[in-house]
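My questions all concern the structure below.
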Amino acid sequence: MKLAVKLTIALVLGIVVVMTIYAWIQISNEVVLSEADAHRARRNGLAWLGAIESVWSREGEARARELIELSARRVGAREGAVRIISLAPDAPDRPQLSGEEVRTLEAGGIVRRVIRDADGQDWIHAWADIRTAAHPTGLAVTEPLGHEQTFVRMSHLAIIGATIAVIVICSLLVSALQLRLVGRPLVLLRDKARRAGAGDFSGPLRLTQDDEMGELAGEINAMCDRIADANRRVADETAAHLAALEQLRHTERLATVGQLAAGVAHELGTPLNVITARAELLVASTATAADAAANGRTILEQADRMTAIIQQLLDFSRRRGPKLGLANVEQLVARTLELVSPTAQRAKVRIERVATGQAFARFDESQIQQVLANVFMNAIQAMPGGGRLSIAVGARRAHRPGESSGAEGDYLCVTVEDEGRGIAREDLARVFEPFYTTKPIGEGTGLGLAVAHGIVAEHGGWIEVESEVGKGSRFTIFLPRSAEPAEAAS
């Protein structure tokens with residue numbers, strides 16, 4: 001139920017209670033006044049009875065009857081009647097009185113009774129004993145109750161009508177004020193809160209009333225302005241952070257390119273020697289036309305080989321924006337190994353790769369290639385005296401780190417295992433910290449694994465490390481597996 005409606009109902013109920021109490025008090029006052037009138041009438045009756053008794057004793061019965069008849073003519077039959085009756089037990093006009101009423105008469109009191117006639121009108125009958133009479137005689141007074149009942153009924157109706165009118169008027173007034181001062185402002189406040197919850201902080205809330213609602217609207221507007229400013233600052237800082245992170249990754253990529261350069265230069269040496277030798281044969285002019293054509297084809301082949309090597313290095317070093325897509329991890333591993341293989345040959349590292357065929361996931365190829373290159377180069381550099389570098393791609397169901405109680409997920413795993421120096425147990429927890437390295441000065445920036453860890457985490461995966469000093473290390477890269485085999489196959 002709406003707050004304005006609740007407040008209206010509460011106020012209306014309060015008004016109803018107050019007016020009901022007021023009506024009850026008014027009716028109670030009417031009852032008290034009626035009882036006071038009855039008491040006054042009783043006193044007047046006793047005074048009238050005393051006068052009749054006095055006249056009866058001084059001037060006789062005839063004078064008393066004359067006085068009673070004169071009073072009856074002035075009052076009129078419609079307003080009541082006063083007459084003298086016999087109270088003798090066998091008198092025909094003696095009223096039917098109870099024993100208690102008889103004792104009241106004998107004690108000098110007045111007996112009152114309400115009797116309804118054949119027309120349905122109520123009359124008050126009063127009897128009193130004239131004690132100065134020589135024989136049992138009484139005074140009977142009859143008075144209609146219609147006027148009093150009409151007055152009481154109209155009074156009650158007037159009180160009830162006034163109460164209902166006050167309740168209706170106050171209810172309408174309270175409802176209008178509640179809707180104007182509470183209901184409408186609350187609706188505007190609710191709508192503003194919903195827009196703010198949805199991220200829309202524009203459009204200030206305008207309430208013209210100068211009260212707590214207006215103050216609340218002003219505070220909400222100020223809060224939304226502060227949140228909007230904070231959001232803009234956060235957006236700017238996020239953009240700056242992403243730019244710095246991208247620059248850091250590019251710097252690390254260029255550092256990897258520098259490490260690969262020596263191997264690439266060695267790789268280019270063989271085709272250059274072949275090209276030089278074939279060119280010398282062509283210059284000597286001693287070869288036949290067929291030999292010259294063969295030498296030219298050899299030169300072209302070696303030039304294409306050199307172009308491919310350089311193009312691979314350029315592709316790896318080029319800055320690109322993030323672009324997620326469905327790709328084959330196995331193919332990406334193969335391309336990355338082509339880049340690092342010259343460096344591995346110079347370091348006398350033997351590469352063994354276990355191929356699994358199609359292993360698809362959604363990732364940014366450029367970023368994941370940087371991850372693979374960093375991990376492969378770390379493994380090669382960990383074996384300065386040569387050794388074996390084992391790489392395998394497979395699928396595994398696993399829990400994310402720190403979520404052992406959650407459901408397992410399907411992941412592609414690239415496992416890189418070397419036979420190098422290994423990592424000390426106290427250093428394992430810090431291998432992904434930026435600028436932390438165990439390599440000699442000049443051989444590493446301490447950013448390679450940190451950048452790799454950040455990229456894999458952004459793709460919803462993680463990197464696990466196992467190592468033993470003197471035996472080697474195993475890095476396992478987890479990437480969420482794609483659920484689109486049909487698209488991958490196509």
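Hey, with R₀ at 45 Å, roughly what FRET efficiency would Glu30 and Leu188 work out to, going by the Cβ-Cβ distance, to 0.05?
Step by step, r from the Cβ atoms, then E = 0.35.
Between Glu468 and Leu181, what is the FRET efficiency for a Förster distance of 56 Å, r being their Cβ-Cβ separation, to the nearest 0.05?
Efficiency, from the Cβ-Cβ distance: 0.15.
What order do you get for 115-125, 221-231, 407-417 when each peptide is scored by the mean count of other beta carbon atoms within 10 Å, highest first?
Answer by packing, highest mean first, reads 407-417, 221-231, 115-125.
Sticking with this one: Give the peptides 207-218, 323-334 in descending order of average Cβ contacts within 10 Å, highest first.
Going by the mean number of other Cβ atoms within 10 Å, highest first, we get 323-334, 207-218.
Right, here's the next one. Between rounded, prolate and oblate, where does the range 343-413 land on the alpha carbon gyration tensor, with a ≥ b ≥ c its root eigenvalues, rounded for a/c under 1.5, else prolate if a/b exceeds b/c?
prolate
Still on this model: How large is the accessible surface of Ser98 in square angstrom, using a 1.4 angstrom probe and rounding to the nearest 10?
Approximately 50 Å² of Ser98 is accessible to the 1.4 Å probe.
Now for a separate question. If you take the beta carbon distance between Ile351 and Arg195 as r and set R0 to 45 Å, what does 1/(1 + (r/R0)^6) give as a FRET efficiency, to the nearest 0.05?
That gives a FRET efficiency of 0.15.
Stretched out fully, how many nm does the piece from Ile115 to Asp427 gain, at 0.36 nm a residue minus the Cα gap?
Stretched out fully, the Ile115 to Asp427 stretch lengthens by 100.9 nm.
Follow-up. For the range 144-189, what does the alpha-carbon gyration tensor say about shape, rounded, prolate or oblate, given a ≥ b ≥ c as the root eigenvalues, a/c under 1.5 as rounded, and a/b over b/c as prolate?
Note, shape of the range 144-189 comes out prolate.
The values are calculated or read from the model by the stated rules, or taken from the named source; none is laboratory data. Keep in mind that this is a model prediction, so the values were computed, not measured. As a convention, Cβ positions derive from the backbone with ideal geometry for all residues, glycine included, and neighbour counts pool all protein chains shown. With ligands, DNA and RNA removed, areas are computed over all heavy atoms of the protein, side chains included. Shrake-Rupley method; radii C 1.70, N 1.55, O 1.52, S 1.80 Å.
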